[in-house]
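A.B. asks: Sending over a structure as structure tokens; questions will come in a sec.
The values are calculated or read from the model by the stated rules, or taken from the named source; none is laboratory data. Note that the structure is a prediction, hence the values are computed from the model and not measured. We place every Cβ from the backbone using ideal geometry, glycine too, and count neighbours over all the protein chains shown. When the accessible area is computed, the model is the full protein with side chains, heavy atoms only, and any ligands, DNA or RNA have been set aside. Shrake-Rupley method; radii C 1.70, N 1.55, O 1.52, S 1.80 Å.
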Amino acid sequence: MVLNRRIPPKALISLVPMIDVMLILLVFFMVTSTYLNLDMIPALRPAEGAASPTATSDLRLMVRIQADGRPSLRGETLSPQDLDRVLAQALAKDPSAQLVILPSGSAPTQALISVMDQSATAGVQNMRVLRLEARQ
């Protein structure tokens, strides 16, 4: 007598545990993350920055962030100490001096944040970030 055993069915891979883990991770990251107000960094196009009704100061500094992340003013590369000195001199002349930051398209974002932090620490109240777009 020959007994034929039934072939056991293949084990199914259940996605339910993976979905549970993903939901737990989603809740964890939502609870532990901090949310930034994306409107706190005003990025203007050059046409919008030209007619700014809030700019009451005649003194404007235009700092360009180069591709390597270093700031420059009037074509001269500035060290962090030089930038502090320039900002302090401008604020001594006019406390409401406007700082316009022009980041290069290939400049790292951290360089922009560093210049903004350094400017805020120096006491700059009127700061703008202009994003230049390439011509098509």
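A.B. asks: Would you check which residues across the range 69-96 are open to solvent by 60 Å² or more (accessible area, probe 1.4 Å), in a loop (DSSP other than H, G, I, E, B) and free of Cβ contacts under 8 Å to residues at least 24 places away in the same chain and list them?
C.D. replies: Correct list: Arg74, Gly75.
A.B. asks: Name the residues in the range 97-111 that are within 14 Å of Pro80 (Cβ to Cβ) and open to solvent by 30 Å² or more (accessible area, probe 1.4 Å), would you?
C.D. replies: Hit for the range 97-111 is Gln110, nothing else.
A.B. asks: Now a separate question. Going by what's in this entry, would Thr56 be described as β-branched (Val, Ile, Thr), closer than 30 Å to Met127 by Cα and either surrounded by fewer than 10 Cβ atoms within 10 Å (Cβ to Cβ) or at pLDDT 75 or above (or both)?
C.D. replies: No, not satisfied.
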